[in-house]
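The values are calculated or read from the model by the stated rules, or taken from the named source; none is laboratory data. Since the structure is predicted, the reported quantities are computational estimates derived from the model, not experimental observations. For neighbour counting, all protein chains shown are included, and Cβ atoms are generated from backbone atoms with ideal geometry for every residue, glycine included.
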Amino acid sequence: MESAAHQVTRLLREWSDGDESSLEQLMPLVHGELHRLAHQHMRREGPGHVLQTSALINEAYLRLVDQPQIRWENRSHFFGIAARLMRRILVDDARKRNSAKRGGSLIQVPLDEAASLAQEQAANVTALDEALKRLEAIDARQGQIVELRFFGGLSIEETASVLQVSPGTVMRDWTFARAWLRTEMTSV
Amino acid sequence: MPDPHWENLKEVFHAALALAPEQRAAYLDRAANGDASLRLAVESLLKSHEETENFVDAPAYQAAAEMLVDGDDLKAGRNIAHYRIVQLLGEGGMGQVYLAEDGKLHRRVSLKFLSTSFMKDHERRRRFEQEARAASALNHPNILTIHEISEVEGRRYIATEFIEGKTLRERLQSGIDIDDALDIAIQIASALVAAHRVNIVHRDIKPENIMIRRDDGLVKVLDFGLAKMSAPGSAKAEVNSEAETRRHANTAPGVVMGTLAYMSPEQARGDAVDERTDIWSLGVVLYEMVAGCSPFVAGTSNEIISGILSKEPPPPLTRYSRDVPERLAEIVEKALTKNREERYQTSQDLLIDLKRLRQSRELKAGMERSSPREQSGLPTSQGPTGEATSSRPEGGTPTVPSTSSAEYLIGEIRRHKRGVVIVSALGLVALTATIFGSIMFMNRYKPIQGRLLGPSPAMRITRLTDTGKATTAAISPDGNYVVYVREEEGKLGLWLRQVGSATEREIVPPMDGQIVGTTFSRDGSLIYYTASAFASPGVLYQVPTLGGTSRKVLENISGPVGLSRDGKRLAFIRSVEGAHHVDSLIVANVDGTGEQVLARKESPAYFDNGPTWSPDGKTVVCGAAVEPDFQFESFVVIPVDGEQERWMTSHRWSHVSRTVWLGDGSGLMVLALENRTTELQLWHISYPGGEVQRVTNDLNGYLADSLSITADSSALVAAQEDRSSKIWVAPTGEGEDRAKQLTDGKFDGLNGVAWTPDGKILCVLKTGDDYNIWLMNRDGTERKQLTADSYEKRLPKMSPDGRYIVFSSLHGESINIWKMDADGSNQKQLTRGAFGELCTGFTPDGKWVLFWSWTESGSAMISKVSIEGGEPVQLTDYWTIWPTISPDGKLIAAGYLDEQQGHHLAIIPSLGGQPIKLLPLPSSMSPAFPFGWTPDSSSLVYAQKHNGVANIWGQPINGDPPRQLTNFKSDLIFGFALSADGRQFVLARGTQTRDVVLIRDFH
């Protein structure tokens, strides 16, 4: 049986070679690993510990990707996938929250004012996702930068090395994209 | 292909950004060159840029990672801590809520996992936990019980009681009539009274926080202390100002509006709140139940707030319907008074008014019908509010409410604080008593310290009574009188006997319920006694020694009182039972005034009943559980002046009971239970040395409820119990002459008798100190011992295919279900519950073993476990004991108790769930359990006692009159089983006596 690491490496390669279907296979594998790692961190550090998304992704990458066969692009692809995954998780969760109904028929859920914060955030995440889709349609690289930075948690430098552009370019694009997204979101 | 407009937009934006703000306008004029839309776009981008700051920064990273942890649902069947997830019930801002099964306690709970973001705010979390812990100490039928607050895999959770039912919000949709509304309000108010008494304010009473149980309409208030703890972004729970309230309301309109309508004016203003806020909110809820709409209806949250804050009172309730009683409208108006100084000042006052109103309505309804209501009353009119519903006139004879014959069903079996069951059966020791009594008798290991000496050679023990029905005795300080409780046909009376003569007189006539302690006043003129209805708190009465009327002294006490040497002060224990119990050691004046709490023990620590004053009046001694694991007990000395308590001795016992001081202060005489002995014995503890010496080693143990001493310390009075049981077989329907005695031991079959599928007898016999399982023919021949170890065993049953025997056994700390092969080999443990599990038989297909167990909260439930092992399956989630499955496998009969209907026999579907039918308990049911069934599954079979003689009766489940199936003229029945052909009974029969003894020259 193919090892998980080997499988991930293979799928990454296939995906970077243009096979879009490998992404769909890759997602659950990466998600599973991130999930496991996140739990492990929480157990180790206890509640209240701040989880760094980028650290998680790095760790997942090291665990999942078959080292000897590594190609540079694999890493950037991996981070791209992870960031996209994070976005998916967040947006799905936000949708769920937006449509969450209060209380079940069996038992009352202790809803509270925190719900307002959560719902506020949830609304923002969905709005951001929509705006980001529009941005991606106009400027793919800026979209990618926002995805890597905001959902993937990468620094300017990491983003630059993943995208193989200069940090200055990332910085410029990032500054513009943020302003654009904010305008887009507040004017709707 | 880059869009040239887009590229241009980026260029101009970056160029403008590089300039100082004041130069940007001029630059834009040039760069836009008349393109108004480009200029506008760049300007708004620049404006956004200034505002971005943290926009699209940190939060989402962390949020995403956190959501990985708590975002996805736990799958059904997943085990987390000792819980098994059943299903997701819902999600809230604070986290997710699941229905789960507690694998340890075999009960359903609701598990709330707190979200990671919530947990990160340390201050909020700290306050939350502090409040949750305070709330978890609330023990009231109308308050949702918090079982546990804990953490697993980095996730914090709260386990609470699981309630199946509707929220009041849902209930409101179908309309509520005035009597129901009143009943619901009374139950909510009762919950508030309990919480306010310990200074917990709910702060968020609203229909969403009130559950109505489906089965019985019991109201549960949820989330005490939790409701407002989760306000985001601030360590403070409340908003600080009216402006903040309004702002908050505007940011999350939908959510907050639901809460706003129930907010008190002081809450809306952001002022500090107290219990009067809950009174207001209950007023709004009651208003809404009656009117069908909130008193502050409005389109926007700002209008709601304005409505609450305005001086205008809400429209009177009478406007909505002519049926609304004037008095109800007044009560609601008083609860909804804007100025809280003019509102009801305590929830107790509100509760009293609501109850009075209900009472007058019931009276009126009864008179209008001009015929009295049925005695039982409607369930809704009873209201399980946990409040005392009847008050007793002063000076009269106490009449403890009747509790049917349930005492026989279970004696007083009270789950004690550490998973131990304390038994003081009423009148007769039930088989249950034998079984549960010895749970606490058997601890795994026992540190032996101190000298253990035999009885003083000069000691003389004299029996003072010979009826076999005397308990709860005390001797007068001058040694001339002994008071004791005598049982006559299930009722208890208080009797006085002159020592040295046969003269006796009744001083309190027989009554239902229990008497758990007797104490003479120092001058001997009065007798104090604690009486209680089944499972209710005790009430302390005093009665003149030479007869007269009883007078109530104190309420809500546990066990006997101790009197100080000067006769002026009382000491007693008051317990709040439940998942989180609290025992308080209290001293008071002899007239019941001036209560003062000396010490408290909270679970898992506890006090035993029956504190005693030292001769100098400076300390009180009481039994208590010993840290760190509270498996053993000893005696603690508590100084009255508030100094540190200390242990009287380093010796530890399995269980300790009453104590008396020797008059010279040189030591104590105590009743205590050494490990592995199954009876309480008398001990001496020296003071202050703490040296321990066992004084008696009697075959007949002493009863826990009696120990007293004369003023000159020359004589003690205690009560002893003697029991004897043999195995018999008797043909159905025949007399004693056709019955045959098979064994001649002392405790034969007390721990169980049963038939094997091939018609042999399986039983537990005691040889030496050990209870082991034996097999014999139905004529008593070919006896074969199947087990030979020192673990006590009970209730053996053979599987229908004859392959296995299951039984209950105590290894370690808890009694669990075990199985072995039919020849006694290959013992395996089947269950691992923590609160005692007793098997009662196989399902007819032989695949499952039926059993029942206690729960942590003191309830009892039925479960089954596969003969192959695995997780048990819970069959009932309400109070049920001693299940017996019908031979056709369709029904289970079990003992049943609920707060409104009392004790019954319940008929339950064999796959579990709610009872199909409740049958009244036979009166004077003999202490023989479990029930049996006739082979055709048409009748229940049980033992019933009449005039001190027990016989087996059959009760058809169709309700036809019962029929007597044996015809014995003497003795009691401790256990029985009917053969598969219905023709023969195997029985454990014998005698049981309890008498008062006088002990002299004991030291």
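Output the residues belonging to segment B:268-304 that are in a helix (DSSP H, G or I) and over 20 Å from residue B:209 (Cβ atoms).
Selection gives B:269, B:302, B:303.
Any residue in segment B:5-20 that's more than 10 Å from every other protein chain (Cβ to nearest Cβ) and aromatic (Phe, Trp, Tyr): show its pairings with residues that are surrounded by 14 or more Cβ atoms within 10 Å (Cβ to Cβ) and assigned to a helix (DSSP H, G or I) at Cβ separation under 7 Å, as long as the two are six or more apart or on different chains.
Final answer for the pair search is none.
Would you say residue B:730 is modelled with pLDDT of 85 or more and assigned to a strand (DSSP E or B)?
Values: modelled with pLDDT of 85 or more: yes; assigned to a strand (DSSP E or B): yes.
In short, yes.
Determine which member of the set B:610, B:578 is part of a loop (DSSP other than H, G, I, E, B), modelled with pLDDT under 90 and in contact with a Pro (Cβ under 9 Å, 6 or more places away or on another chain).
B:610
Among the listed residues B:51, B:43, which satisfies the condition of being in contact with a helix residue (DSSP H, G or I) (Cβ under 9 Å, 6 or more places away or on another chain), at pLDDT below 85 and either among the basic types (Lys, Arg) or under 20 Å from residue A:176 (Cα atoms) (or both)?
Going through B:51, B:43 in turn, just one is in contact with a helix residue (DSSP H, G or I) (Cβ under 9 Å, 6 or more places away or on another chain), at pLDDT below 85 and either among the basic types (Lys, Arg) or under 20 Å from residue A:176 (Cα atoms) (or both): B:51.
Return yes when residue B:348 is out of contact with any His (no Cβ under 6 Å at 6 or more places or on another chain), at pLDDT 90 or above and either polar (S, T, N, Q) or within 18 Å of residue B:196 (Cβ to Cβ) (or both) and no when it is not.
yes
Being at pLDDT 90 or above and assigned to a loop (DSSP other than H, G, I, E, B) narrows it down to one residue among B:935, B:927; which is it?
B:935
Identify the single condition in (1) at pLDDT below 85; (2) surrounded by fewer than 23 Cβ atoms within 10 Å (Cβ to Cβ); (3) not in a loop (DSSP other than H, G, I, E, B) that residue B:958 does not satisfy, given that it satisfies every other one.
If we test residue B:958 against (1) at pLDDT below 85; (2) surrounded by fewer than 23 Cβ atoms within 10 Å (Cβ to Cβ); (3) not in a loop (DSSP other than H, G, I, E, B), just (3) comes out false.
Here is a yes/no grid of residues against (1) in the same structural domain as residue B:665 (by TED's automatic domain parsing); (2) closer than 19 Å to residue B:974 by Cα:
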position: B:711; (1), (2): yes, no
position: B:753; (1), (2): no, yes
position: B:759; (1), (2): no, no
position: B:766; (1), (2): no, yes
position: B:777; (1), (2): no, no
position: B:784; (1), (2): no, no
position: B:788; (1), (2): no, no
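Tally the residues that are under 26 Å from the mean Cα position of the chain (by Cα) and in a strand (DSSP E or B), restricting the search to segment B:519-543.
Summing the residues that are under 26 Å from the mean Cα position of the chain (by Cα) and in a strand (DSSP E or B) in segment B:519-543 gives 8.
Does residue B:573 fit the bill of being surrounded by fewer than 22 Cβ atoms within 10 Å (Cβ to Cβ), touching a Gly at 6+ places or on another chain (Cβ under 8 Å), of a type in the set (Val, Ile, Thr) and not assigned by TED's automatic domain parsing to the domain that holds residue B:141?
Judged against the criteria, residue B:573 is not a match.
Quick check on segment B:545-562: of everything there that is under 20 Å from residue B:624 (Cβ atoms) and among the hydrophobic types (A, V, I, L, M, F, W, C), which residue is modelled with the lowest pLDDT?
B:557
Which of (1) surrounded by fewer than 19 Cβ atoms within 10 Å (Cβ to Cβ); (2) modelled with pLDDT of 80 or more; (3) not assigned by TED's automatic domain parsing to the domain that holds residue B:151; (4) not aromatic (Phe, Trp, Tyr) is the odd one out, the single condition residue B:87 does not satisfy?
Residue B:87 satisfies every listed condition except (3).
Can you say whether residue B:478 is at pLDDT below 85 and either farther than 30 Å from residue B:950 by Cβ or outside any helix (DSSP H, G or I) (or both), as far as the supplied structure shows?
So residue B:478 fails the test.
Which one is surrounded by the most Cβ atoms within 10 Å (Cβ to Cβ) among residues in segment B:608-633 that are over 26 Å from residue B:711 (Cβ atoms) and not small (Gly, Ala, Ser)? Let's see the steps before the verdict.
Filtering segment B:608-633 for residues over 26 Å from residue B:711 (Cβ atoms) gives B:624-633.
Going one step further and asking which of them are not small (Gly, Ala, Ser), we end up with B:626-633.
On the way: B:626: 17, B:627: 9, B:628: 6, B:629: 10, B:630: 18, B:631: 18, B:632: 20, B:633: 24.
Within segment B:608-633, the match that is surrounded by the most Cβ atoms within 10 Å (Cβ to Cβ) is B:633.
With respect to residue B:174, determine if the residue is part of a loop (DSSP other than H, G, I, E, B), at pLDDT 85 or above, out of contact with any Ser or Thr (no Cβ under 6 Å at 6 or more places or on another chain) and not aliphatic (A, V, I, L, M).
yes
Checking residue B:148 against (1) buried (at least 23 other Cβ atoms within 10 Å of the Cβ); (2) part of a strand (DSSP E or B), which test does it fail?
The one condition residue B:148 does not meet is (1).
Do you know which residues across segment A:139-179 are over 22 Å from residue A:31 (Cα atoms), within 9 Å of chain B (Cβ to nearest Cβ) and of a type in the set (Lys, Arg)?
A:172, A:178 - these are the residues of segment A:139-179 that are over 22 Å from residue A:31 (Cα atoms), within 9 Å of chain B (Cβ to nearest Cβ) and of a type in the set (Lys, Arg).
Please enumerate the residues belonging to segment B:147-191 that are over 27 Å from the mean Cα position of the chain (by Cα) and facing chain A (nearest Cβ under 8 Å).
Across segment B:147-191, the qualifying residues are B:153, B:154, B:155, B:169, B:170.
Exactly one condition in (1) modelled with pLDDT of 85 or more; (2) closer than 27 Å to residue B:536 by Cβ is false for residue B:900; which is it?
(1)
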